[in-house]
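The values are calculated or read from the model by the stated rules, or taken from the named source; none is laboratory data. All figures in this text were calculated on a predicted structure; none of them were measured in a lab. Here the Cβ is made from the backbone with ideal geometry for all residues, glycine too, and neighbour counts use every protein chain on show.
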Amino acid sequence: MKLFDLRIDPILKQMDEVLHKNERMLSEKLKYLCLVGGFNQSRYLQHKLEEHYQGKYTVLKSQRPILAVIEGATQLGRASSFITSRFVKRTYGACCGLPIMEARLNKKITEEHIHKHRFISDINNKEYVDRCFNVFVNKGDEVKVNKMVEEIYSKRNKNKKNAVILIYSSEERDPGVTTGCDFLGRLDIPYPSDFDAQKDIFYVRFYFGQSIIRVTVNMKGREYTEHEVQIKYDHGVQYVDNIFQFFNESSSHRKKQQYLQITLQASNSFLINTTAYFDTYTLLYNKKLYIKEIYALNNNNENNNVYLTITLKNPKLHINYSQKIKICK
């Protein structure tokens, strides 16, 4: 069995590293390890995991590990309420200007950054530091479904016509500044004509806990305005709406072992060369096809616009559907 250990030992090592890295977050909460995916069909892998984590965690084995992930996504599409909270994998927040004394109290904000980004507001004649990271939720925090975090913002100078909110994420907890963080999007909202720069404020709200993060800006003036941008927790997930609209809960197909052939092909002759057969029962309620990772795209391709053609076929169900989507590398 030592031959198989060459594959399994690195898995155990990586799992130990992940568990140790998230020890603070998982302390006294993690009790079970659920095995999903094709490799988890290996009886020897199951034995090694049970042996390695004996007395610490209970190892749960899926009856159909290959389809477990798809079935989970399907159940989430049917009834998302069974997820009550999520642990945030990254820190999320927005760019802001901090009063210079407050910025100097933050150990993550260097004097070099302060010197480079300091400015004086022409509204109150106070000194601020730009490009600071206003944290809405930190990496590792648990957020309940539909949790809303709100921060108050004000106009930074008299001549600005728009409120611009720049949204960032980071691998660090409380990164202090936006330098080196990942830019996720922006909200650009015109100030109402009667917005008083000295008295009026507006609200930036982050909604967490769903499969996406919603960011809204609420501004009170002559009218109530709300704009929003949606951000996915995990990058690289592509989805196609309305593919499975021909399925429904009462469909007789769910009682049969029908399979749907899914073929993926990338543009510019880069074949993904993957033909998968999924049980239609697992896709019945989802109405979205989730493609978690695509490995075969050529990284040397100079054209950033790569397209993926998805073809669905099942002659018995008279399904022959094709859709082309754009993938931004």
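The conditions are (1) touching an Asp or Glu at 6+ places or on another chain (Cβ under 6 Å); (2) surrounded by 12 or more Cβ atoms within 10 Å (Cβ to Cβ), and ASN162 fails exactly one of them. Which is it?
Among (1) touching an Asp or Glu at 6+ places or on another chain (Cβ under 6 Å); (2) surrounded by 12 or more Cβ atoms within 10 Å (Cβ to Cβ), the lone unmet condition for ASN162 is (2).
May I ask you to verify whether ASP194 is assigned to a loop (DSSP other than H, G, I, E, B), modelled with pLDDT under 85 and farther than 25 Å from ARG24 by Cβ?
yes
Output the qualifying pairs, or none if there are none: Cβ atoms under 7 angstrom, residues six or more apart or on different chains, first residue in the stretch 121-138 and over 29 Å from ILE213 (Cβ atoms) and in the same structural domain as ASP200 (by TED's automatic domain parsing), second residue assigned to a strand (DSSP E or B) and not aliphatic (A, V, I, L, M).
Between residues of the stretch 121-138 that are over 29 Å from ILE213 (Cβ atoms) and in the same structural domain as ASP200 (by TED's automatic domain parsing) and residues that are assigned to a strand (DSSP E or B) and not aliphatic (A, V, I, L, M), the close pairs are SER121/TYR128; LYS126/PRO99; GLU127/ARG118.
Filter the stretch 47-58 down to the residues that are touching a strand residue (DSSP E or B) at 6+ places or on another chain (Cβ under 9 Å) and more than 23 Å from LEU3 (Cα to Cα), then identify the one that is surrounded by the fewest Cβ atoms within 10 Å (Cβ to Cβ).
Within the stretch 47-58, the match that is surrounded by the fewest Cβ atoms within 10 Å (Cβ to Cβ) is THR58.
Of all the residues that make up the stretch 103-135, how many are on the phi > 0 side of the Ramachandran plot and surrounded by 17 or more Cβ atoms within 10 Å (Cβ to Cβ)?
Selection size over the stretch 103-135: 1.
Among the residues of the stretch 13-46, count how many are out of contact with any strand residue (DSSP E or B) (no Cβ under 9 Å at 6 or more places or on another chain), within 24 Å of ARG90 (Cα to Cα) and not in a loop (DSSP other than H, G, I, E, B).
The qualifying residues number 10.
Identify, please: which residue in the stretch 16-41 is of a type in the set (D, E, K, R) and free of Cβ contacts under 8 Å to residues at least 24 places away in the same chain and is, among those, nearest to VAL143 (Cα to Cα)?
Among those residues, the one meeting the criterion is LYS29.
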